[in-house]
Amino acid sequence: MVSRTRKFVWLGIIAAVLCAALLTWLLLQKGRQVETLAHLNENLSAASVHLAQTEEKIIASFGEGDYVEGFGGHLRTYEGKGIRIGFSGDKDNDLYGQVSSIAFWEPAYAVYGINIGDDRRTAIEMLLSQDYEHLTEGLYRNGEYVISLSGAATVELIQIWFDDKDLRDRQY
């Protein structure tokens, strides 16, 4: 009888610890905002380019640009505008045939108010305030969106891309 009571006590303790851990995790996640396409695009100012635009719209606005074939899609580079735009060629990608990545080096463009030439530490603080998590040097993720900041003391290049969670294990 004593061993049966001990089992229930231990089960109760384990259940309490698990509940406390779950509650702590939920409280930590409560204030965290998972990035959405609409929110990111609202905070992106890059020559009227936004994620999920069609390639036809980009070409109509900027012309053909320099076409670069890639693995899993292709790019159109507009050197004079300081921007490179990527299009997914994977039919399983949620942004198939649409803008799925943007890289820019033009100081007039910004994401979350971060411009080329800005102090790198201030830029990182801005991304962290938008609930982006630090992955590795220069890479920050929130949900399915990744932002890369290149440069030493100042931001020299900003890259933004959609990292479809269903395709992360694919090698192109």
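The values are calculated or read from the model by the stated rules, or taken from the named source; none is laboratory data. Small disclaimer: the values here were computed from a predicted structure and weren't measured. Glycine gets a Cβ as well: all are built from the backbone with ideal geometry, and neighbour counts include every protein chain shown. Accessible surface areas use protein heavy atoms only, side chains included; no ligands, DNA or RNA. Shrake-Rupley method; radii C 1.70, N 1.55, O 1.52, S 1.80 Å.
Annotations for the structure displayed:
- Total lysine pairs whose alpha carbons fall under 22 Å of each other in the chain (8 or more apart, or interchain): 4
- In segment 82-135, Cα pairs under 8 Å separated by at least six residues give a relative contact order of 24 percent.
- For LEU75, net neighbour charge (Lys/Arg +1, Asp/Glu -1) across residues whose Cβ lies under 14 Å away: -2
- Per residue accessible area in Å² of the chain, where ligands, DNA and RNA are left out and the probe is 1.4 Å: 60
- Across the chain, C-alpha contacts under 8 Å between residues 6 or more apart give a mean separation that, scaled by the residue count, equals a relative contact order of 18 percent.
- For segment 77-158, the Stokes-Einstein estimate of translational diffusion at 37 °C and a viscosity of 0.692 mPa s comes to 243 µm²/s, using the Kirkwood hydrodynamic radius over alpha-carbon pairs.
- Working from label points 7 Å from Cα in the Cα-to-Cβ sense, the VAL17 to TYR96 distance is 4.7 nm.
- Modelled label positions at GLU69 and ALA38, each set 7 Å beyond Cα in the direction of Cβ, lie 3.9 nm from each other.
- For TYR132, distant residues with modelled amide H under 5 Å away: none
- Amide H within-cut-off set for GLY143, under 5 Å, with H built and near neighbours excluded: GLU35
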